[in-house]
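K.L.:
Please see the structure below; I have some questions.
The values are calculated or read from the model by the stated rules, or taken from the named source; none is laboratory data. Computed from a prediction, not measured in an experiment: that's the story for all the values here. Backbone-built Cβ (ideal geometry, glycine too); neighbour counts: all protein chains shown.
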Amino acid sequence: MRVLLVDDEPLARSRLRTLLADCKAPTAEVAAEAGNAAQAMEHLRRQSFDTVLLDIHMPGADGLALAGVLRSLPESPAVVFVTAYAEHAVAAFELEAVDYLTKPVRLERLQTALAKVERTVQARAGGHEQEQEVLVIQDRGRTERVPVTEVLYFKAELKYITVRTAARSYILDGSLSDLEERHGAQFLRVHRNALVSRRAVRALEKHFDPEEGEGWAVRLNGIEESLAVSRRQLSAVREALAS
């Protein structure tokens, strides 16, 4: 794996070189180094790289700006941010970074990032790379990318949205209407406060709600809980089940 190191601190580059030399699988070769975005672009014009290990705070154009330029290249390298600042993680993932490492970098964490890069490179080489929609979620001090295909439902709860997958629940800031507008092809509104994954709908059944009385609910694959269906959305849910 050919790596371009981009960091304005020589000591930081030296530490990454040492860590990369210790990586066993996948193995990585530091093919070039740069102390700023302009030097990095010179290297990128002359040769190709599988990945760029990229600092954010640098003189001149910062790492986020450089990552934005890299996205426009015909054969863009995978970007892994390596920075002392955790607060830029959301912006980094919105630029489709493969991973985001905080300094001081641990060997195990670097190897995990390289494994992600390797999967990305293999997918591109096989010609089957797919643009996967993800939600960037801040959760208990960490930032996580949750593929939209894993989401079973979105449910509005007061001032936030519960995002439910088969494995766990997350909390997301935003509005149900915005989510419906962006992902309406994959999700079905079953109630004023809930969207469910169309592919996950398993059954429609009678349901009693203490507040609304007799009604209907949907059951979803992968979880035991059911979600109430409003009378207004009942016909749409029946159509989805029949299709």
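K.L.:
Filter segment 208-218 for residues that are surrounded by fewer than 17 Cβ atoms within 10 Å (Cβ to Cβ) and within 37 Å of the chain's Cα centre (by Cα) and give the result.
P.N.:
Across segment 208-218, the qualifying residues are ASP209, GLY215.
K.L.:
Taking segment 1-36 on its own, how many of its residues are in contact with an Asp or Glu (Cβ under 6 Å, 6 or more places away or on another chain) and assigned to a helix (DSSP H, G or I)?
P.N.:
Residues that pass the stated criteria total 1.
K.L.:
Follow-up question, since we're still on this one. Please pick out the residue among ASP50, ASP22 that is acidic (Asp, Glu) and within 24 Å of the chain's Cα centre (by Cα).
P.N.:
ASP50
K.L.:
Still on this structure, please answer the following. Between a first residue in segment 5-17 that is in the same structural domain as MET41 (by TED's automatic domain parsing) and among the small types (Gly, Ala, Ser) and a second residue that is surrounded by fewer than 20 Cβ atoms within 10 Å (Cβ to Cβ) and at pLDDT below 95, which pairs have beta carbons less than 8 Å apart while being 6 or more apart in sequence or on different chains?
P.N.:
From segment 5-17, the pairs are ALA12/LYS103.
K.L.:
Under 9 Å by Cβ, and 6 or more places apart or on different chains, what pairs join a residue from segment 167-178 that is farther than 15 Å from VAL134 by Cβ with one that is outside any loop (DSSP other than H, G, I, E, B) and of a type in the set (Phe, Trp, Tyr)?
P.N.:
As it stands, the answer is ILE171/TYR160; ASP173/TYR160; LEU176/PHE154, since those pairs meet every condition given.
K.L.:
Related question: What's the number of the only condition in (1) more than 15 Å from PHE49 (Cβ to Cβ); (2) outside any strand (DSSP E or B) that LEU101 fails to meet?
P.N.:
(2)
K.L.:
Looking at VAL201, VAL229, VAL237, can you tell me which residue is closer than 24 Å to LYS159 by Cα and among the aliphatic types (A, V, I, L, M)?
P.N.:
Among VAL201, VAL229, VAL237, only VAL229 is closer than 24 Å to LYS159 by Cα and among the aliphatic types (A, V, I, L, M).
K.L.:
Quick check: anything in segment 165-183 surrounded by fewer than 12 Cβ atoms within 10 Å (Cβ to Cβ) and among the aliphatic types (A, V, I, L, M)?
P.N.:
Yes - at least one qualifying residue is present in segment 165-183.
K.L.:
Would you check if there is a residue in segment 57-79 being of a type in the set (A, V, I, L, M), over 19 Å from the mean Cα position of the chain (by Cα) and loosely packed, with under 13 Cβ neighbours inside 10 Å?
P.N.:
Checked segment 57-79: at least one residue is of a type in the set (A, V, I, L, M), over 19 Å from the mean Cα position of the chain (by Cα) and loosely packed, with under 13 Cβ neighbours inside 10 Å.
K.L.:
Counting only residues that are surrounded by 20 or more Cβ atoms within 10 Å (Cβ to Cβ) and hydrophobic (A, V, I, L, M, F, W, C), which one in segment 84-100 is nearest to MET1 (Cα to Cα)?
P.N.:
Restricting to residues being surrounded by 20 or more Cβ atoms within 10 Å (Cβ to Cβ) and hydrophobic (A, V, I, L, M, F, W, C), the top hit is VAL98.
Let's see how each residue does on (1) at pLDDT 90 or above; (2) of a type in the set (Ser, Thr, Tyr); (3) farther than 30 Å from ARG13 by Cβ:
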site	(1), (2), (3)
LYS103	yes, no, no
GLY127	no, no, yes
THR165	yes, yes, yes
GLU180	yes, no, yes
GLY184	no, no, yes
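K.L.:
ALA91 fails exactly one of the following numbered conditions: (1) within 22 Å of the chain's Cα centre (by Cα); (2) under 29 Å from GLY141 (Cα atoms); (3) modelled with pLDDT of 90 or more. What is the number of that condition?
P.N.:
Going through (1) within 22 Å of the chain's Cα centre (by Cα); (2) under 29 Å from GLY141 (Cα atoms); (3) modelled with pLDDT of 90 or more one by one, ALA91 breaks only (3).
K.L.:
Shifting gears a bit: Pairs, please: C-beta under 9 Å, at least 6 apart or cross-chain, first residue closer than 15 Å to VAL148 by Cα and in segment 187-215, second among the polar types (S, T, N, Q) and not in a loop (DSSP other than H, G, I, E, B)?
P.N.:
What qualifies is PHE187/SER197; LEU188/SER197; LEU188/GLN233; SER197/THR149; ARG199/THR149.
K.L.:
Would it be correct to say that GLU239 is at pLDDT below 90 and not basic (Lys, Arg)?
P.N.:
yes
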